[in-house]
Amino acid sequence: MTRSFVGLVPLTLAVVSLTFACGGDDAPTTDGTDTTAGDGDGDGDPSGDGDGDPSGDGDGDPGDGDADTDEPDSDMDGVADSADNCPDVANPNQLDFDGNGKGNSCDVLTMNATGTLNTTANAAVQGTNFECDIPLVVDVLEGQILVQLDDDAAVAGFEIVNLNIADILDKECDLTLATATVSLTNFVIANSGGPFPVSMPHTSAMHDGGQVAGDSDIPPPVLSTATLNAKVGQMGDPMESELMLDGALPIFTANITGGGEAGTLSWADGQFVLATDQFMIEDPVSLTIDFELTGLVGTLNLAP
(Lines give C-alpha, C1' and ligand atoms only; values in the text may rest on other atoms or scores of the structure.)
Protein backbone atom coordinates (compact mmCIF):
# COMPACT_ATOMS: atom_id res chain seq x y z
CA MET A 1 0.00 0.00 0.00
CA THR A 2 2.76 2.38 0.81
CA ARG A 3 4.47 1.81 -2.49
CA SER A 4 1.20 2.41 -4.45
CA PHE A 5 0.63 5.77 -2.73
CA VAL A 6 4.19 6.91 -3.26
CA GLY A 7 4.06 5.87 -6.93
CA LEU A 8 0.98 8.11 -7.63
CA VAL A 9 2.62 11.34 -6.49
CA PRO A 10 5.14 11.67 -9.37
CA LEU A 11 2.39 10.80 -11.88
CA THR A 12 0.08 13.58 -10.58
CA LEU A 13 2.86 16.17 -10.63
CA ALA A 14 3.79 15.21 -14.15
CA VAL A 15 0.23 15.78 -15.39
CA VAL A 16 0.06 19.19 -13.72
CA SER A 17 3.44 20.13 -15.17
CA LEU A 18 2.42 19.03 -18.65
CA THR A 19 -0.81 21.06 -18.55
CA PHE A 20 1.06 24.23 -17.54
CA ALA A 21 3.67 23.85 -20.25
CA CYS A 22 1.07 23.60 -23.03
CA GLY A 23 -1.13 26.55 -21.97
CA GLY A 24 1.43 29.04 -20.68
CA ASP A 25 3.37 31.85 -22.35
CA ASP A 26 6.71 31.49 -20.62
CA ALA A 27 10.13 31.74 -22.21
CA PRO A 28 11.79 28.49 -23.30
CA THR A 29 14.56 27.00 -21.21
CA THR A 30 18.11 27.91 -22.05
CA ASP A 31 19.21 24.28 -22.56
CA GLY A 32 16.96 23.86 -25.62
CA THR A 33 14.89 21.09 -24.10
CA ASP A 34 11.65 23.15 -23.79
CA THR A 35 9.76 23.23 -27.09
CA THR A 36 6.31 23.95 -25.66
CA ALA A 37 6.79 27.53 -24.42
CA GLY A 38 5.23 30.58 -26.15
CA ASP A 39 6.74 33.91 -27.14
CA GLY A 40 7.79 34.78 -23.63
CA ASP A 41 5.89 38.06 -23.26
CA GLY A 42 3.57 36.81 -20.54
CA ASP A 43 0.33 37.96 -22.16
CA GLY A 44 -1.23 34.50 -22.22
CA ASP A 45 -0.98 34.17 -26.00
CA PRO A 46 1.80 31.75 -26.94
CA SER A 47 1.49 32.71 -30.62
CA GLY A 48 1.40 36.47 -30.20
CA ASP A 49 3.75 39.23 -31.33
CA GLY A 50 5.73 39.42 -28.11
CA ASP A 51 4.53 42.86 -27.02
CA GLY A 52 2.54 41.77 -23.97
CA ASP A 53 -0.73 42.65 -25.76
CA PRO A 54 -2.90 39.62 -26.64
CA SER A 55 -4.83 41.66 -29.27
CA GLY A 56 -2.00 41.04 -31.71
CA ASP A 57 -1.78 44.55 -33.25
CA GLY A 58 1.79 44.94 -32.08
CA ASP A 59 1.49 48.30 -30.36
CA GLY A 60 1.15 47.14 -26.76
CA ASP A 61 -2.32 48.66 -26.58
CA PRO A 62 -5.33 46.30 -26.53
CA GLY A 63 -7.50 49.10 -27.95
CA ASP A 64 -7.46 50.79 -31.38
CA GLY A 65 -3.84 50.28 -32.32
CA ASP A 66 -2.60 53.84 -31.74
CA ALA A 67 -0.42 52.99 -28.71
CA ASP A 68 -2.64 55.29 -26.60
CA THR A 69 -4.74 53.31 -24.17
CA ASP A 70 -7.01 56.27 -23.38
CA GLU A 71 -7.50 58.37 -26.57
CA PRO A 72 -8.31 57.47 -30.21
CA ASP A 73 -6.23 58.90 -33.06
CA SER A 74 -8.49 58.90 -36.13
CA ASP A 75 -5.92 60.17 -38.65
CA MET A 76 -3.08 58.06 -37.21
CA ASP A 77 -0.65 61.01 -37.07
CA GLY A 78 0.50 60.31 -33.51
CA VAL A 79 -1.65 63.05 -31.94
CA ALA A 80 -4.76 61.98 -30.03
CA ASP A 81 -8.05 63.36 -31.39
CA SER A 82 -8.69 65.40 -28.25
CA ALA A 83 -5.45 67.34 -28.81
CA ASP A 84 -5.35 67.25 -32.63
CA ASN A 85 -6.10 70.52 -34.46
CA CYS A 86 -6.89 68.46 -37.58
CA PRO A 87 -8.34 65.20 -36.22
CA ASP A 88 -9.40 63.88 -39.64
CA VAL A 89 -6.30 64.90 -41.63
CA ALA A 90 -2.82 63.66 -40.72
CA ASN A 91 -0.67 66.62 -39.62
CA PRO A 92 1.97 65.56 -37.13
CA ASN A 93 3.55 69.05 -37.05
CA GLN A 94 0.24 70.60 -35.88
CA LEU A 95 1.18 73.95 -37.51
CA ASP A 96 -1.51 76.64 -37.41
CA PHE A 97 -0.61 79.69 -39.55
CA ASP A 98 -3.47 81.98 -38.56
CA GLY A 99 -3.77 80.75 -34.95
CA ASN A 100 -7.46 79.96 -35.20
CA GLY A 101 -7.18 76.51 -33.66
CA LYS A 102 -7.35 74.64 -36.97
CA GLY A 103 -4.17 73.20 -38.44
CA ASN A 104 -2.90 74.25 -41.86
CA SER A 105 -3.75 70.90 -43.42
CA CYS A 106 -7.49 71.28 -42.84
CA ASP A 107 -7.82 75.08 -42.78
CA VAL A 108 -8.03 77.29 -45.88
CA LEU A 109 -7.19 80.96 -45.51
CA THR A 110 -9.94 82.94 -47.29
CA MET A 111 -9.15 86.53 -48.27
CA ASN A 112 -11.25 89.18 -49.98
CA ALA A 113 -9.67 91.14 -52.83
CA THR A 114 -10.19 94.70 -54.06
CA GLY A 115 -8.02 97.02 -56.12
CA THR A 116 -7.17 98.38 -59.54
CA LEU A 117 -5.39 96.65 -62.39
CA ASN A 118 -4.47 97.93 -65.84
CA THR A 119 -4.57 96.06 -69.12
CA THR A 120 -4.89 96.84 -72.83
CA ALA A 121 -7.57 95.67 -75.24
CA ASN A 122 -6.42 95.32 -78.83
CA ALA A 123 -9.02 95.20 -81.61
CA ALA A 124 -7.97 94.36 -85.18
CA VAL A 125 -10.12 94.14 -88.30
CA GLN A 126 -9.42 90.74 -89.80
CA GLY A 127 -7.97 90.89 -93.31
CA THR A 128 -6.83 94.51 -92.95
CA ASN A 129 -4.11 96.52 -91.24
CA PHE A 130 -6.67 98.41 -89.19
CA GLU A 131 -6.33 97.96 -85.47
CA CYS A 132 -6.35 99.94 -82.27
CA ASP A 133 -5.38 99.66 -78.62
CA ILE A 134 -7.73 100.60 -75.82
CA PRO A 135 -6.20 101.10 -72.35
CA LEU A 136 -8.55 99.57 -69.79
CA VAL A 137 -8.72 100.21 -66.06
CA VAL A 138 -9.86 96.98 -64.41
CA ASP A 139 -11.53 98.01 -61.16
CA VAL A 140 -11.93 94.89 -58.99
CA LEU A 141 -15.00 95.54 -56.83
CA GLU A 142 -14.72 92.28 -54.94
CA GLY A 143 -13.01 88.94 -55.23
CA GLN A 144 -11.98 85.87 -53.32
CA ILE A 145 -8.47 84.47 -52.94
CA LEU A 146 -7.79 81.15 -51.18
CA VAL A 147 -4.47 80.24 -49.58
CA GLN A 148 -3.56 76.73 -48.37
CA LEU A 149 -0.38 76.02 -46.37
CA ASP A 150 0.94 72.52 -45.85
CA ASP A 151 1.77 71.02 -42.45
CA ASP A 152 5.52 71.09 -43.12
CA ALA A 153 5.53 74.86 -43.88
CA ALA A 154 7.17 74.03 -47.23
CA VAL A 155 4.53 75.12 -49.76
CA ALA A 156 1.78 77.75 -49.98
CA GLY A 157 -0.92 77.16 -52.59
CA PHE A 158 -3.06 79.95 -54.10
CA GLU A 159 -6.39 79.98 -55.91
CA ILE A 160 -7.94 83.08 -57.48
CA VAL A 161 -11.54 81.95 -57.09
CA ASN A 162 -13.09 84.99 -58.76
CA LEU A 163 -12.65 88.71 -59.40
CA ASN A 164 -15.76 90.78 -60.13
CA ILE A 165 -14.93 93.77 -62.34
CA ALA A 166 -16.78 97.08 -62.58
CA ASP A 167 -18.38 97.79 -65.96
CA ILE A 168 -16.02 99.36 -68.50
CA LEU A 169 -18.13 101.71 -70.61
CA ASP A 170 -17.85 103.52 -73.94
CA LYS A 171 -14.19 103.13 -74.78
CA GLU A 172 -13.34 104.43 -78.25
CA CYS A 173 -11.16 102.56 -80.72
CA ASP A 174 -10.08 104.21 -84.00
CA LEU A 175 -10.09 101.49 -86.66
CA THR A 176 -9.36 103.99 -89.49
CA LEU A 177 -12.37 102.73 -91.42
CA ALA A 178 -14.47 104.03 -88.59
CA THR A 179 -14.35 104.63 -84.88
CA ALA A 180 -15.57 101.74 -82.76
CA THR A 181 -17.05 102.28 -79.34
CA VAL A 182 -16.85 99.31 -77.01
CA SER A 183 -18.11 98.48 -73.52
CA LEU A 184 -17.45 95.49 -71.26
CA THR A 185 -20.11 94.57 -68.71
CA ASN A 186 -20.70 91.59 -66.41
CA PHE A 187 -16.92 91.16 -66.40
CA VAL A 188 -15.74 88.27 -64.18
CA ILE A 189 -12.34 86.60 -63.94
CA ALA A 190 -12.50 83.11 -62.37
CA ASN A 191 -10.22 80.16 -61.71
CA SER A 192 -10.28 77.64 -64.57
CA GLY A 193 -7.80 75.16 -63.06
CA GLY A 194 -8.06 72.69 -60.22
CA PRO A 195 -7.98 73.67 -56.54
CA PHE A 196 -4.89 75.75 -55.70
CA PRO A 197 -3.40 75.56 -59.22
CA VAL A 198 -0.36 77.70 -58.38
CA SER A 199 2.02 77.70 -55.42
CA MET A 200 5.18 79.19 -54.03
CA PRO A 201 7.89 78.03 -51.64
CA HIS A 202 7.30 78.62 -47.93
CA THR A 203 9.56 78.24 -44.92
CA SER A 204 9.22 77.57 -41.21
CA ALA A 205 10.68 81.01 -40.47
CA MET A 206 8.03 82.71 -42.64
CA HIS A 207 5.34 80.54 -41.09
CA ASP A 208 6.41 81.46 -37.56
CA GLY A 209 6.46 85.13 -38.59
CA GLY A 210 2.94 84.94 -40.03
CA GLN A 211 4.11 85.73 -43.55
CA VAL A 212 3.74 84.29 -47.04
CA ALA A 213 5.87 86.01 -49.67
CA GLY A 214 7.08 85.11 -53.14
CA ASP A 215 6.17 84.61 -56.79
CA SER A 216 3.69 82.07 -58.12
CA ASP A 217 5.36 79.16 -59.86
CA ILE A 218 3.17 79.41 -63.00
CA PRO A 219 0.62 81.86 -64.45
CA PRO A 220 -2.73 81.16 -62.73
CA PRO A 221 -5.25 79.72 -65.23
CA VAL A 222 -8.46 81.77 -65.49
CA LEU A 223 -11.58 82.12 -67.58
CA SER A 224 -12.65 85.72 -68.18
CA THR A 225 -16.27 86.24 -69.17
CA ALA A 226 -17.92 89.48 -70.19
CA THR A 227 -20.59 90.99 -72.38
CA LEU A 228 -19.00 93.14 -75.08
CA ASN A 229 -21.05 95.84 -76.74
CA ALA A 230 -19.45 97.33 -79.85
CA LYS A 231 -20.65 99.97 -82.29
CA VAL A 232 -18.81 101.15 -85.38
CA GLY A 233 -19.38 104.71 -86.53
CA GLN A 234 -22.54 106.66 -85.91
CA MET A 235 -24.90 104.36 -87.72
CA GLY A 236 -26.54 101.16 -86.63
CA ASP A 237 -27.21 99.63 -83.25
CA PRO A 238 -24.52 98.29 -80.88
CA MET A 239 -23.65 94.64 -81.48
CA GLU A 240 -23.59 92.47 -78.36
CA SER A 241 -21.21 89.51 -77.99
CA GLU A 242 -20.58 87.18 -75.09
CA LEU A 243 -16.82 86.93 -74.55
CA MET A 244 -15.30 83.70 -73.23
CA LEU A 245 -11.65 84.51 -72.72
CA ASP A 246 -9.93 81.27 -71.72
CA GLY A 247 -6.38 82.11 -70.68
CA ALA A 248 -4.25 82.99 -67.69
CA LEU A 249 -3.04 85.89 -65.62
CA PRO A 250 0.69 86.62 -65.45
CA ILE A 251 2.82 85.32 -62.60
CA PHE A 252 1.99 87.34 -59.48
CA THR A 253 3.88 88.37 -56.38
CA ALA A 254 2.15 87.67 -53.07
CA ASN A 255 2.85 89.21 -49.70
CA ILE A 256 0.64 88.15 -46.78
CA THR A 257 1.40 89.36 -43.26
CA GLY A 258 0.04 89.02 -39.74
CA GLY A 259 -0.98 85.41 -40.19
CA GLY A 260 -3.52 86.45 -42.82
CA GLU A 261 -4.59 89.80 -41.40
CA ALA A 262 -3.55 91.63 -44.59
CA GLY A 263 -1.86 91.02 -47.90
CA THR A 264 -1.38 91.93 -51.54
CA LEU A 265 -1.21 90.27 -54.94
CA SER A 266 0.74 92.31 -57.48
CA TRP A 267 1.30 92.07 -61.24
CA ALA A 268 3.91 93.92 -63.33
CA ASP A 269 3.85 92.31 -66.79
CA GLY A 270 2.82 94.63 -69.59
CA GLN A 271 3.37 92.09 -72.40
CA PHE A 272 1.61 88.96 -71.18
CA VAL A 273 -1.36 87.94 -73.37
CA LEU A 274 -4.22 87.26 -71.00
CA ALA A 275 -6.73 85.99 -73.54
CA THR A 276 -7.97 86.26 -77.13
CA ASP A 277 -11.37 86.10 -78.78
CA GLN A 278 -13.16 86.96 -82.00
CA PHE A 279 -16.50 88.60 -82.69
CA MET A 280 -18.53 89.94 -85.60
CA ILE A 281 -19.93 93.38 -86.35
CA GLU A 282 -22.66 93.39 -89.03
CA ASP A 283 -23.81 97.02 -89.14
CA PRO A 284 -23.08 99.34 -90.87
CA VAL A 285 -20.50 97.05 -92.48
CA SER A 286 -19.64 93.41 -91.88
CA LEU A 287 -16.40 93.15 -89.93
CA THR A 288 -14.63 90.35 -88.10
CA ILE A 289 -12.78 91.69 -85.08
CA ASP A 290 -9.89 89.88 -83.40
CA PHE A 291 -9.93 90.86 -79.74
CA GLU A 292 -7.00 90.46 -77.33
CA LEU A 293 -6.27 91.47 -73.75
CA THR A 294 -2.57 92.13 -73.18
CA GLY A 295 -0.61 92.97 -70.04
CA LEU A 296 -1.57 93.24 -66.40
CA VAL A 297 -0.13 95.83 -64.03
CA GLY A 298 -1.37 96.74 -60.56
CA THR A 299 -2.12 95.45 -57.07
CA LEU A 300 -5.00 93.81 -55.28
CA ASN A 301 -5.38 94.38 -51.56
CA LEU A 302 -6.28 91.33 -49.49
CA ALA A 303 -8.13 91.19 -46.18
CA PRO A 304 -9.99 88.48 -44.24
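The values are calculated or read from the model by the stated rules, or taken from the named source; none is laboratory data. Bear in mind the structure is a predicted one, so any value in this text is a computation, not a measurement. For neighbour counting, all protein chains shown are included, and Cβ atoms are generated from backbone atoms with ideal geometry for every residue, glycine included.
Tell me whether region 80-103 contains one or more residues that are in contact with a Cys (Cβ under 6 Å, 6 or more places away or on another chain), buried (at least 18 other Cβ atoms within 10 Å of the Cβ) and part of a loop (DSSP other than H, G, I, E, B). Yes, region 80-103 contains a residue that is in contact with a Cys (Cβ under 6 Å, 6 or more places away or on another chain), buried (at least 18 other Cβ atoms within 10 Å of the Cβ) and part of a loop (DSSP other than H, G, I, E, B). Going by the structure shown, is Glu131 assigned by TED's automatic domain parsing to the domain that holds Leu243, more than 26 Å from Ala190 (Cα to Cα) and not aliphatic (A, V, I, L, M)? Answer is yes for this residue. In region 190-219, the qualifying residues are those that are in a strand (DSSP E or B) and within 12 Å of Leu149 (Cβ to Cβ), and the one that is nearest to the chain's Cα centre (by Cα) is Ser199.
None of Ala178, Ala156, Ala166, Ala123 is at pLDDT 95 or above and either more than 30 Å from Pro201 (Cα to Cα) or outside the structural domain of Leu249 (by TED's automatic domain parsing) (or both) except Ala166. Every test in (1) in contact (Cβ under 8 Å) with a residue 40 or more places away in the chain; (2) surrounded by 14 or more Cβ atoms within 10 Å (Cβ to Cβ); (3) over 22 Å from the mean Cα position of the chain (by Cα) is passed by Ile168 save one, and that test is (1). Of the residues making up region 141-156, those that are in a strand (DSSP E or B) and buried (at least 19 other Cβ atoms within 10 Å of the Cβ) are Gly143, Ile145, Val147, Gln148, Leu149, Ala156.
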